[in-house]
């Protein structure tokens, strides 16, 4: 799929992996709508970086946990850019706690932002993509959805659901030339992992990650771009984790 002049909606597109994806897609010629709850200096920096590449960048404030906001983000992308060609769902956040510690509200909130948002985003975007017989949907999962992490039951569950949702949608939409894929990052240097203690970080680098280093948002973003542009890939989950999930001890 050519990204030149493509209309790209990126949720969580103002920080971390989402921000890096916005820049990477703009480098390939895409016009960007970056949706997020916070419209702050970081968001404006992303906008400046995209516009410096000669591409459009629209900032949209919205809470992707709310169905009406998810639908509105797609509608406003179509209004501002004329259509929607690419949807990247990167919005999300940590949900810590074991089953008996976690409140029902936190459990439901995890599903709202990580899984239910995909349902509402896709229901709004797919009819436009289907009419054009072209589209690419990229969902962000995590190695937490592949391998277990202690006291992280909600996050593991929702991130484990996303690759299966990608496969289900890929089958459903293949005849419409709409591809659906997933990227599962490991430990990446973002705000998400900022609360990690120095001891945990050192343990990860020495013992859990065979490459002995964290990933960067840019490294994940280049994979996102490749999966969007390679039009013979659908229903796949690409793990970007420095070898973390291949360890058996």
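The values are calculated or read from the model by the stated rules, or taken from the named source; none is laboratory data. Being a predicted model, the structure only gives us computed values, none of them experimental. When we count neighbours, we look across all protein chains shown, and the Cβ atoms used for this are built from the backbone with ideal geometry, even at glycine.
Of the conditions (1) modelled with pLDDT under 95; (2) within 24 Å of residue 184 (Cβ to Cβ); (3) loosely packed, with under 14 Cβ neighbours inside 10 Å, residue 108 fails just one. Which one is it?
It is condition (1) that residue 108 fails.
Which residue out of 176, 231, 241 is in contact with a strand residue (DSSP E or B) (Cβ under 8 Å, 6 or more places away or on another chain), exposed (fewer than 14 other Cβ atoms within 10 Å of the Cβ) and touching a residue at least 24 places away in the same chain (Cβ under 8 Å)?
Working: 176 fails: exposed (fewer than 14 other Cβ atoms within 10 Å of the Cβ); 241 fails: exposed (fewer than 14 other Cβ atoms within 10 Å of the Cβ).
Unique residue meeting the criteria: 231.
Would you check if there is a residue in the stretch 157-164 being surrounded by fewer than 18 Cβ atoms within 10 Å (Cβ to Cβ) and more than 17 Å from residue 115 (Cα to Cα)?
no
Quick one: how many residues across the stretch 121-148 are part of a helix (DSSP H, G or I), closer than 18 Å to residue 9 by Cα and within 20 Å of the chain's Cα centre (by Cα)?
As a first pass, look at the stretch 121-148 and keep what is part of a helix (DSSP H, G or I): 121-132, 143-145.
Within this subset, residues satisfying the condition of being closer than 18 Å to residue 9 by Cα are 121-132.
Retained after the next criterion (residues that are within 20 Å of the chain's Cα centre (by Cα)): 121-126, 129.
Looking only at that region, the number is 7.
Mind counting the residues in the stretch 87-106 that are part of a loop (DSSP other than H, G, I, E, B) and touching a residue at least 24 places away in the same chain (Cβ under 8 Å)?
Step one: filter the stretch 87-106 for residues part of a loop (DSSP other than H, G, I, E, B), giving 90-96, 98-103.
If we keep only those that are touching a residue at least 24 places away in the same chain (Cβ under 8 Å) too, we end up with 90-96, 98-99, 101-102.
Number of matching residues: 11.
Could you list all residues from the stretch 149-184 that are modelled with pLDDT under 95 and assigned to a strand (DSSP E or B)?
152
Being over 20 Å from residue 85 (Cβ atoms), assigned to a helix (DSSP H, G or I) and either out of contact with any helix residue (DSSP H, G or I) (no Cβ under 9 Å at 6 or more places or on another chain) or at pLDDT 90 or above (or both), is that true of even one residue in the stretch 220-233?
yes
Assigned to a loop (DSSP other than H, G, I, E, B), surrounded by fewer than 20 Cβ atoms within 10 Å (Cβ to Cβ) and either in contact with a helix residue (DSSP H, G or I) (Cβ under 7 Å, 6 or more places away or on another chain) or on the phi > 0 side of the Ramachandran plot (or both) - does that describe any residue in the stretch 112-119? First the steps, then the outcome.
So in the stretch 112-119, the residues assigned to a loop (DSSP other than H, G, I, E, B) come out as none.
No, the conditions are met nowhere in the stretch 112-119.
In this structure, is residue 46 at pLDDT 95 or above and within 17 Å of residue 4 (Cα to Cα)?
Numbers: at pLDDT 95 or above: yes; within 17 Å of residue 4 (Cα to Cα): no.
Criteria not met by residue 46.
Mind checking which residues of the stretch 185-213 are modelled with pLDDT under 80 and either in a loop (DSSP other than H, G, I, E, B) or at positive phi (or both)?
Selection gives 190, 194, 195, 196, 197.
Filtering the stretch 43-65 down to residues that are out of contact with any helix residue (DSSP H, G or I) (no Cβ under 7 Å at 6 or more places or on another chain) and part of a helix (DSSP H, G or I), which residue is surrounded by the most Cβ atoms within 10 Å (Cβ to Cβ)?
The extreme case among them is 43.
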